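The values are calculated or read from the model by the stated rules, or taken from the named source; none is laboratory data. What you see is a predicted model; the values in this text were computed from it and never measured. So basically every Cβ, Gly included, is an ideal-geometry build from the backbone, and we count neighbours across all protein chains shown. Side chains included, ligands, DNA and RNA excluded: accessible areas come from the protein's heavy atoms. Shrake-Rupley method; radii C 1.70, N 1.55, O 1.52, S 1.80 Å.
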Amino acid sequence: MKWPTVFFAIFVVAEGIPINDRNWQLVPSGDGRLHLINTNPYDVPEMDEPEMLFNPQQDIIFRLFTRANPTQPQILQLNNAASISGSNFNAAHPTRFTIHGWNNDGSHFMNSQIRDAYFQVGDFNIVTVDWGVGAINPNYITARNHVGGVGNTVSQLIDQLIAATGANPDNIYVIGYSLGAHAAGSAGKAQNGRIHSIIALDPAGPLFSAGQSDAVSPADGGYVETIMTNAGVLGINTPLGQANFYPNGGRLQPGCGTDIGGGCSHDRAPQFFAESITTSTSFRATRCVDHGQILSGSCTSSGPDANMGGQPSNFGRGVNGVFYLQTNEASPFARG
């Protein structure tokens, strides 16, 4: 039997097993449950039960939603052209991939909220990337190490959509949350940066740093945007995109209270993005001089303002740098 992570940690402490306290972090999964994880695998005593194997090409489920089937998905399969030709996928419509994070699957709220928002404004092919077989794992390190494989598999499906239907990469966005944000970046890398936009929603922080081969980077797409809502805790603090938005300073979000563990603030990123697609009141942000001003809480305007998120993205508008904005405590969040 595999013990819940937090109880395992309590056992470790109670038994006096030597650990380095700096390696332990509280991380909530998408259901808000806290897990105490160790970011150094050499600190954790071995468990008897082996890790579940994850083969991205076999285990990822790609679910297609369109306005013709807004809630009942059609399954797209790698190396199965008939699954594409027999679906409602329309290459004339924009395509959006959504990728969930740790300890979640395709049912995570970010998928339905973003999907429904796009359908409010137009015809889209929405493909949810369900990598739950690899993501639902009490071992955060193992799940973290899957993001490159997830991104590469998403890239393979993109190649097949292009080959089978003539879909244009200029019409494709890949949107990821937490660990899924880095998977989105990896998909863009595998596409050699030709994807229109990569949207990274509070990219996971533990075990990630700028410049890593599977971390989001500015070259992953024609336009790469990050939205940081729990930066320095569950999300990474470092600007990883061409444009990096820090709502309310990027760490603790209004309406989240003390937010022990950061789960409420972390979840704000996909909520803000979903609202940005449909709102008539924009998430208007001020461009700051540098990231240091975000950290110090004092932003001096240093260029044109920009809207966070939105449909279409900021591609081609020269939006770059770090941005600060304020939001409301509850939906609707945008202040204009």
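Some notes on this structure:
- Residues of region 308-325 that are of a type in the set (S, T, N, Q), touching a strand residue (DSSP E or B) at 6+ places or on another chain (Cβ under 7 Å) and open to solvent by 50 Å² or more (accessible area, probe 1.4 Å): ASN320 alone.
- Checked against the criteria, ARG115 counts as touching a Phe, Trp or Tyr at 6+ places or on another chain (Cβ under 9 Å), among the basic types (Lys, Arg) and over 18 Å from PRO203 (Cβ atoms).
- Assessment of region 280-298 against the conditions (open to solvent by 50 Å² or more (accessible area, probe 1.4 Å) and of a type in the set (Lys, Arg)) yields at least one matching residue.
- Members of region 145-162 that are open to solvent by 10 Å² or more (accessible area, probe 1.4 Å) and in contact with a helix residue (DSSP H, G or I) (Cβ under 8 Å, 6 or more places away or on another chain): HIS146, GLY148, GLY149, ASN152, GLN156, GLN160, ILE162
- Breaking point among (1) within 25 Å of TRP102 (Cα to Cα); (2) touching a residue at least 12 places away in the same chain (Cβ under 8 Å); (3) part of a loop (DSSP other than H, G, I, E, B), for CYS299: (1)
- Residue match in region 270-287 (condition: touching a Phe, Trp or Tyr at 6+ places or on another chain (Cβ under 9 Å), of a type in the set (Asp, Glu) and part of a strand (DSSP E or B)): no
- Of everything listed in (1) closer than 30 Å to SER280 by Cβ; (2) touching a strand residue (DSSP E or B) at 6+ places or on another chain (Cβ under 9 Å), the single unmet condition for ARG144 is (1).
- Residues in region 153-176 include at least one that is outside any loop (DSSP other than H, G, I, E, B), under 24 Å from PHE315 (Cβ atoms), of a type in the set (D, E, K, R) and touching a residue at least 40 places away in the same chain (Cβ under 8 Å).
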